Amino acid sequence: MVSAGTTDEQFPVRVFGGATALFEYGGLRFLTDPTFDAPGDYQVPNGSLTKTAPSSAAPADLGRIDVVLLSHDEHPDNLDNSGRALLAEVSLTLTTPGGALRLGKGARGLADWESIELDRPGGGTITVTGVPAIHGPGEREDVELITGQVVGFVLTGAGLPTVYVSGDNASLDLVQEIAGRFGPVDTAILFAGAPRFPVLFDGALIVLDSAQAVEAVKILGARQVVPVHYDSWVHFTEGRAELVAAFTAAGLIDRLDLG
C-alpha cells in the first residue's frame, strides 16, 4: 500500500513485473505499460529482447481499467501482444503523440507539459500532464532517432496526492524540470533496472539505474517510491537487491515500496 504524502488518501499500487503496474487514483483505475506475454524472445529492429519471467497476473484478472498510461508503444517490454489486445478494451490510452497515431482509436498523445482533464466518479476532475522523458543518454533529438519517443506522466487533483510516472526516462535533468513544476511529489512510480545494450550508446544506460533512482527521489522530494521496470527481462542489469542497497545507503529505505 502506498500512502499519500500530503493527504489522508491512500491508493494501492500493484506491480505485475516489468513496467506494468495498476493503481487507483481519484476513483479511476490506471494501468502502466501493459505487458502480459509469456517468457521468450521478442523481436526488435536490431535483434531481440528476452523475457525471463511471466507476469504475476493476466489481463482477465485486473478488473476494470479506466486509463492506460503508456510510456511508448515501440518496445515489447513496454507494450506486448497481450497489452495491445487489452488496449482495445480500454476507452483511453495516453501515450506519445507518435504512439497515438500508430495505435489509433482510443489513444491520445500528450506533448511535453500538455494536460488532459478526466472526470472523477462523483464529481471533480483529475489532471494528467504529459512530461518529458529521454530513453537514453545525450540530446533528445539524437536519442529519439534510435530508441524512439517516450513520455512520462504527472497526476494531480484537488485533495489528491501528486503522482509521477516516469516512463523509460534516463535523464535526471528532466526530473529536475518536472520537480520544478510539480514538486514535491508524493508518490513516484520510477522505471529503473539500469537497462543497457553494448550496441546502443556504447553501453550507456537507457533508463535510470538504482543510484539514479535515489537521486530522482531526492530531486522530487518524493515520500514514497514504487520502482517498476527492473525485473523479468535480460537487459535489466540491476534488480531488487541493487535498489534496496542504494536506498539503504542513502538512508531512504523507508520510502521504497517494493510491493
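Where a number appears in this text, it was derived from the coordinates with a stated rule and is not lab data. Fair warning: this is a prediction, and the values are worked out from it, not measured in the lab. Please note: Cβ atoms are built from the backbone with ideal geometry, for glycine as well, and neighbour counts cover all protein chains shown.
At-a-glance table
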read-out	value
Whole-Hz couplings from phi, Karplus 6.51/-1.76/1.60, listed for the range 241-247; x for Gly and Pro	4, 5, 5, 4, 4, 5, 6
Added length on full extension, which subtracts the Cα-Cα distance from 0.36 nm per residue, ALA57 to ARG120	20.0 nm
Longest site-free stretch - the chain; sites: GluC sites (Glu not before Pro), DSSP loop, at most 16 other Cβ within 10 Å	140-259
Scattering profile of the chain at q = 0.09, 0.16 Å⁻¹ [log10 I(q)/I(0), Debye over alpha-carbon scatterers]	-0.34, -1.23
Loop-exposed trypsin sites (Lys or Arg not before Pro) per DSSP, neighbour cap 10 Cβ within 10 angstrom, longest uninterrupted part of the chain	106-259
Under 5 Å, built H, 5+ apart or other chain: amide partners of GLY183	none
Calculated from backbone phi, Karplus (6.51, -1.76, 1.60) coupling profile of the range 118-123 in Hz, x at Gly/Pro	10, 6, 8, x, x, x
Nonlocal amide H pairs with THR93, under 5 Å, H built at 1.01 Å	VAL68, ALA107, ARG108
Helix-derived mean residue ellipticity, 222 nm - over the chain, DSSP H n ≥ 4, -39500 (n - 2.57), to 500	-6000 deg cm²/dmol
DSSP-loop chymotrypsin sites (Phe, Trp or Tyr not before Pro) across the range 110-184, with at most 14 other Cβ within 10 angstrom	TRP113
Gap separating the Cα centres of the range 179-225 and the range 21-69, nearest whole Å	20 Å
Global geometry of the range 41-145, whether rounded, prolate or oblate, following the gyration tensor of its Cα atoms and the 1.5 cut on a/c	oblate
Candidates PHE201, PHE16, PHE36: whichever shows maximal mean-square fluctuation once the chain is modelled as a Gaussian network with Cα springs under 10 Å	PHE201
Highest-MSF residue in the chain out of ALA158, ALA188, ALA53 [GNM, Cα springs under 10 Å]	ALA158
